[in-house]
1. Give me the extension gain from residue 103 to residue 91: residue separation times 0.36 nm, minus the current Cα-Cα distance, reported in nm with one decimal.
2. Net charge near residue 111: determine it from the other residues with C-beta under 13 Å of the C-beta of residue 111, scoring Lys and Arg +1 and Asp and Glu -1.
3. Mind jotting down the three principal axis lengths of segment 57-126 based on Cα atoms? Whole angstrom, largest first.
4. Could you go through segment 94-103 in sequence order and give the Karplus-derived ³J(HN,Hα) for each residue, using 6.51 cos²θ - 1.76 cosθ + 1.60 with θ = phi - 60°, rounded to whole Hz, and x for Gly and Pro?
5. Charges on Cβ only, +1 for Lys and Arg, -1 for Asp and Glu, centred on the Cα centroid of segment 72-163; of 154, 88, 105, which one is farthest towards the dipole's positive end?
6. Once all Cα-Cα distances of segment 76-165 are split into 10 Å bins that start at 0, what whole-number percent is in each one?
7. Once you charge only the Cβ atoms, +1 for Lys and Arg and -1 for Asp and Glu, what is the size of the charge dipole of segment 39-170 about its Cα centre, to the nearest 20 debye?
8. From the protein chains alone at 1.4 Å, what is the descending order of accessible area for 59, 43, largest first?
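The values are calculated or read from the model by the stated rules, or taken from the named source; none is laboratory data. These numbers were taken from a predicted model, which means no experiment stands behind them. Cβ coordinates were reconstructed from backbone atoms using ideal geometry, including for glycine residues, and neighbour counts include every protein chain displayed. We work out accessible area using only protein heavy atoms, side chains counted, and drop any ligands, DNA or RNA first. Shrake-Rupley method; radii C 1.70, N 1.55, O 1.52, S 1.80 Å.
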Amino acid sequence: MGSGEFATSHHTLAGQQLDLGRWFSFQEVLLAEPVAAREVAFDFRPNPGAYLVFLFALDPTGATGLRLSSDPRIPSGRLTIDAEGAFLDFEPMPQFDVVADVWSHLELDLGSDGARAALDGGAPQRLGATPERQRFGFRNGLAAVRIDDVALRCDGAGGFQESFFNARGF
C-alpha cells in the first residue's frame with residue numbers, strides 16, 4: 001500500500017533527500033542490478049524511534065543487512081534475512097546505535113576479506129563475507145529516515161554518486 005505513490009511522489013525526494021518515511025513508512029529502495037562494488041558510503045538522519053536497515057549481498061535467496069537504530073527497544077546489529085524477509089540470524093552490535101534527529105555517516109568497505117562498516121569515522125567492524133557482485137538497498141520501519149549523498153565506488157566501471165539534487169531548471 002502506497003508503494004506507487006512513494007515511487008512517483010515529489011515528496012519522496014523533497015529537500016534534496018530520500019525520505020523513507022513517505023506514504024506510511026516501511027519503504028524499501030533497492031538497486032536494480034548487481035554491481036562489483038568496492039565501497040559504499042551515505043549519510044542518514046533517523047527520526048526518534050526510527051531504524052534504517054542497509055541491505056547488502058542482496059540476491060534472490062536473501063540478504064545481509066546492518067540495522068542502525070535510534071530506538072533502544074530495537075537493537076542495532078548485523079542480520080541475515082531470507083527472500084521473504086524473515087530473520088535467519090541477528091548479531092547485536094550496539095556500536096551502530098545512532099542518535100535521533102542527527103545526521104550520521106556510514107562507510108562500508110567491501111574487500112576480498114569481507115565487508116567492514118564504520119559509523120561516523122569509528123573503528124571498522126567486520127560484517128562477514130560478501131559476493132563479488134551484489135545489490136544494495138535501504139529499508140526502514142514506521143518512523144522516518146532520510147538518506148543523502150549516497151556514493152558507490154567500484155574497482156571498474158559502474159559506480160555512482162547520488163545527492164538527490166533536482167537539477168531540472170537549475
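1. Values: separation 12, 0.36 × 12 = 4.32 nm, distance 2.41 nm.
Gain on stretching residue 103 to residue 91: 1.9 nm.
2. Details: positive: 38, 116, 126, 153; negative: 39, 107, 109, 113, 132, 155.
Net local charge, residue 111 excluded: -2.
3. Principal axes ranked by extent give 34, 32, 18 Å for the Cα atoms.
4. x, 5, 9, 5, 10, 8, 5, 6, 10, 5
5. My answer, from the dipole projection, is 88.
6. P(r) for segment 76-165, in whole percents per bin: 12, 43, 39, 6.
7. 240 debye
8. On the way: 59 70, 43 40 Å².
Ranked from most to least accessible, the order is 59, 43.
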